[in-house]
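First up is the structure itself, then whatever we jot down about it.
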Amino acid sequence: MNNIVSSSLIHFTEKIEYLQGIIENGFRYSYCNEVYPVALVNNIINKGNSDFEPHNILAPTEIHGNVLIPMVSFCDIPLTRSEVHAKKYGFYGVGIDRELARTIYSNLMPVQYISSRRYSIALNELSVLFVESNGDNDQITNSIKLIIGNTKGYTTMYKGQEVLCYEEREWRVIYNDDEHTPWGWGVNDEQSKNEYNERLHSNSDLSYLSFINVDDNVSKKIVDDYLDKLITHIIVKNDNEIPIMAKYIIGENNKFFGYNISHDCRLSLVSRINSFERISKDY
């Protein structure tokens with residue numbers, strides 16, 4: 001049966017060097033530019049301004065509806081249906097078992113796509129609650145931002161063209177908006193995005209998402225078991241890159257998701273390597 005959803009979540013990237021970086025260190029958080037109702041962003045920016053009157057719909061034209069959010073993104077698309085997605089985000093990727101990942105990381109969740117004006121107004125109304133609480137109620141603040149951070153427009157502009165975001169079936173893990181990983185409210189320029197990412201990636205403790213909640217003192221077997229169950233696919237673009245990736249994984253000096261793993265585990269993970277070239281030919 002050709003399922004419309006996958007039991008794996010795939011994180012795609014553009015180059016084999018980036019894929020090797022994921023294999024070695026794990027998934028890296030990066031700031032992504034998301035677009036929200038302008039009134040919502042305006043309300044969040046002006047929280048704490050005693051002269052500010054929050055808006056359900058209207059907002060000044062100089063306020064941008066863009067927000068930079070630190071996240072790791074995946075898609076819930078079977079590999080046999082993912083070529084269009086790969087053309088946009090890259091023909092290299094790592095797949096993880098969706099249900100195991102959900103049990104390990106509670107913040108992992110599917111994106112809610114906004115397809116109506118009424119939903120946009122509802123988000124704006126939530127931001128009004130945020131303003132009225134003056135941001136002092138942590139429960140309201142965290143709940144509102146969790147909803148905002150896991151919400152995306154039904155369509156968006158990408159490289160000058162309108163794309164249907166809904167087809168991406170995105171899942172994501174986001175960082176909280178705090179002093180260590182601040183969100184960029186109303187920021188819409190590439191230079192600022194790069195600066196946010198440079199600051200985030202300079203802190204090794206914050207840069208990577210780990211689905212393995214173990215420390216360096218546990219046995220190698222526990223790490224092996226986690227990874228063997230978690231990793232479902234390692235995808236390269238062409239068949240001739242499979243030996244390159246296999247050699248990299250087998251290399252005893254190379255870590256996998258930040259851990260030293262056994263030779264047997266490396267052999268098992270090598271068996272998960274496949275190529276888009278082979279998938280397109282066979283399926």
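Couple of notes before you dig in:
- Pair list, Cβ under 6 Å, 6 or more apart: the range 230-244 residue farther than 8 Å from N274 by Cα, other residue in a strand (DSSP E or B) and acidic (D, E): L230/D97; T232/D97
- Annotation: of all residues in the range 73-109 being within 27 Å of I148 (Cβ to Cβ) and hydrophobic (A, V, I, L, M, F, W, C), the one that is surrounded by the most Cβ atoms within 10 Å (Cβ to Cβ) is F74.
- Within the range 253-263, the set of residues being part of a loop (DSSP other than H, G, I, E, B) and either without any contact (Cβ under 8 Å) to a residue 12 or more places away in the chain or touching a Lys or Arg at 6+ places or on another chain (Cβ under 8 Å) (or both) comprises N253, N260, I261, S262.
- Cβ pairs under 8 Å, 6+ apart, first in the range 104-129 and free of Cβ contacts under 8 Å to residues at least 60 places away in the same chain, second among the basic types (K, R) and buried (at least 16 other Cβ atoms within 10 Å of the Cβ): Q112/K152; Y113/K152; I114/K152
- Of all residues in the range 137-145, none are touching a Ser or Thr at 6+ places or on another chain (Cβ under 7 Å), within 23 Å of F27 (Cβ to Cβ) and of a type in the set (K, R).
- Flag for P60 being of a type outside the set (S, T, N, Q), modelled with pLDDT under 85 and surrounded by fewer than 18 Cβ atoms within 10 Å (Cβ to Cβ): yes
- Test: residue in the range 33-43 that is under 19 Å from L269 (Cβ atoms), part of a strand (DSSP E or B), touching a strand residue (DSSP E or B) at 6+ places or on another chain (Cβ under 7 Å) and at pLDDT 85 or above: no
- Residue ranges of strands (runs of 3 or more DSSP E) in the range 132-197 with at least 1 members in contact with a helix residue (DSSP H, G or I) (Cβ under 9 Å, 6 or more places away or on another chain), modelled with pLDDT of 80 or more and more than 18 Å from V67 (Cβ to Cβ): 161-164, 170-174
- Residue among Q191, Q139, Q112 that is exposed (fewer than 15 other Cβ atoms within 10 Å of the Cβ), under 21 Å from H85 (Cβ atoms) and not charged (D, E, K, R): Q112
Here is a yes/no grid of residues against (1) aliphatic (A, V, I, L, M); (2) over 25 Å from the mean Cα position of the chain (by Cα):
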position	(1), (2)
E190	no, no
A246	yes, yes
F256	no, no
S262	no, yes
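- Within the range 2-36, the only residue that satisfies the criterion of being over 27 Å from N176 (Cβ atoms), touching a Pro at 6+ places or on another chain (Cβ under 9 Å) and buried (at least 20 other Cβ atoms within 10 Å of the Cβ) is S6.
- Lone unmet requirement of (1) crowded, with 18+ Cβ neighbours inside 10 Å; (2) farther than 23 Å from I77 by Cα; (3) among the polar types (S, T, N, Q) for S262: (1)
- Checklist (1) touching a residue at least 40 places away in the same chain (Cβ under 8 Å); (2) within 27 Å of Y89 (Cα to Cα) applied to D282, failing item: (1)
- Options E179, E170, E162; residue that is touching a residue at least 40 places away in the same chain (Cβ under 8 Å) and either touching a Cys at 6+ places or on another chain (Cβ under 7 Å) or surrounded by fewer than 20 Cβ atoms within 10 Å (Cβ to Cβ) (or both): E170
- If the condition is being of a type in the set (K, R) and free of Cβ contacts under 8 Å to residues at least 12 places away in the same chain, then the range 137-159 contributes only K159.
The values are calculated or read from the model by the stated rules, or taken from the named source; none is laboratory data. Just so you know, these numbers come straight off a predicted model, no measurement behind them. Glycine gets a Cβ as well: all are built from the backbone with ideal geometry, and neighbour counts include every protein chain shown.
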